[in-house]
Amino acid sequence: MPDVRLVNVTKTYGKIVAVDNVSIHVHDKEYFALLGPSGCGKTTLLRLIAGLIKPDKGEIYIGNRLVNDVPPEDRDVGFVFQTFALFPHMDVWDNVIYGPRVKGFDMKKAKRIGHEVLEMVRLHERLDAFPNELSGGMMQRIAVARALAAGAKLLLLDEPLGQLDAKVRNELRYEIRKMTKDLGLTAIHVTHDQAEAMAISDRIAVMKKGKILQVGTPEELYMNPKSIFVAHFIGESNFLEGYVAEINDKTITVELRNGIKVETINKTTEELKKGERVVIALRPETLKVQREIRKGKNAVLGVIERMTFEGTNVRYEIRLENEDLVILTRPSLTGKWYKIGEKVTVSFPSEKAHIFTYPKVGLREELAVE
């Protein structure tokens, strides 16, 4: 099965740069996700790989073959759309074997392929049903089956679960991954849902405004984000603004508002200097909260402003004494709940903090997902 390489690929529409000098390598048999907010270029990138549009610059390889000028039907690519895109006047059987028929397969071979893929998606008993008689999950499985029946070696999925309800979406995402892994296919899955991407992907490319900001496994992106936007878009983070007060090879001391100082481990690749404006990112689960009012390293006083019960977790919003608002979560089964208005101490381990240079466009603009 093929790997996919894009080398310095750019696509513009007038003054809009939809894909901006993108280079990525999707490995053979990998389940790869393109993740980012709406309008960041994910679908454009997928359409470029499929051959539905051509790049203005750069090269696209499927396997070892340069495919810039290869038509879509000759790329051995299956495209699964968000809207399912089934033929409404055809039953399940005719939808599935449409590809083999168009490619000129003899009927014996087309029927064999049709039966095989319908067994794979567990819908063989509905082969005479029409799309309007099927649930959303069934229609999406038929869309995948149709792509497989056409002989696709590379599966491109454009928000394939976007129109399904939450329960079906959660179940079907694992089914699609298992199916592609069982068949040894390469899959590229476009989504704006970070939970979906984290759950099923081998690796993820995070995109914003046509650029790829970081590529890595779900664990790498969550535990070691390389930018403020990745820390914000993958999971959830609290952001504290301040200035570098002291810096050495091991630690960085940051002064927050109201003269409060906190310490982080110096693991940044950025060249920070004393007095430079910075942003600290902290995951909600890394924060500790205590009823005891105490001073100490990375310990800041605060007041509970809001408490939300979320089932397995309780979510707290705490206003710190320097006026920053932080969010933290705690397991609800502990029974150790805090009350609104209660004074607490919030602290964090130095090694759990990520430090970044303050963005030139401002923090609010850097975090924007539009």
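The values are calculated or read from the model by the stated rules, or taken from the named source; none is laboratory data. No experiment lies behind these values; they were computed from the predicted model shown. We place every Cβ from the backbone using ideal geometry, glycine too, and count neighbours over all the protein chains shown.
Numbers below:
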| quantity | calculated |
| --- | --- |
| Odd one out for residue 116 among (1) farther than 30 Å from residue 235 by Cβ; (2) touching a strand residue (DSSP E or B) at 6+ places or on another chain (Cβ under 6 Å) | (2) |
| Residues that are under 11 Å from residue 78 (Cβ atoms) and either of a type in the set (Asp, Glu) or assigned to a helix (DSSP H, G or I) (or both), drawn from segment 148-182 | 148, 149, 180 |
| Residue, surrounded by the most Cβ atoms within 10 Å (Cβ to Cβ), within segment 185-206, restricted to residues that are in a helix (DSSP H, G or I) and either assigned by TED's automatic domain parsing to the domain that holds residue 320 or among the hydrophobic types (A, V, I, L, M, F, W, C) (or both) | 197 |
| Which listed residue is exposed (fewer than 11 other Cβ atoms within 10 Å of the Cβ), over 19 Å from residue 258 (Cα atoms) and among the small types (Gly, Ala, Ser), from 296, 341 | 341 |
| Test: residue 78 is surrounded by 14 or more Cβ atoms within 10 Å (Cβ to Cβ), in the same structural domain as residue 133 (by TED's automatic domain parsing), modelled with pLDDT of 90 or more and of a type outside the set (Lys, Arg) | no |
| Residue within segment 33-46 that is in a loop (DSSP other than H, G, I, E, B), free of Cβ contacts under 8 Å to residues at least 24 places away in the same chain and not polar (S, T, N, Q) present | no |
| Residues being in contact (Cβ under 8 Å) with a residue 24 or more places away in the chain and either under 27 Å from the mean Cα position of the chain (by Cα) or within 18 Å of residue 279 (Cα to Cα) (or both) - total across segment 326-345 | 5 |
| Among the candidates 314, 303, 278, 326, residue that is surrounded by fewer than 19 Cβ atoms within 10 Å (Cβ to Cβ) and among the hydrophobic types (A, V, I, L, M, F, W, C) | 303 |
| Total residues in segment 207-250, condition out of contact with any Pro (no Cβ under 9 Å at 6 or more places or on another chain), touching a residue at least 60 places away in the same chain (Cβ under 8 Å) and part of a strand (DSSP E or B) | 6 |
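A quick yes/no check of all residues on (1) within 27 Å of residue 365 (Cα to Cα); (2) charged (D, E, K, R); (3) in the same structural domain as residue 351 (by TED's automatic domain parsing); (4) modelled with pLDDT under 95:
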| position | (1), (2), (3), (4) |
| --- | --- |
| 257 | yes, yes, yes, yes |
| 267 | yes, yes, yes, yes |
| 273 | yes, yes, yes, yes |
| 281 | yes, no, yes, no |
| 287 | yes, no, yes, yes |
| 295 | no, yes, yes, yes |
| 299 | no, no, yes, yes |
| 307 | no, no, yes, yes |
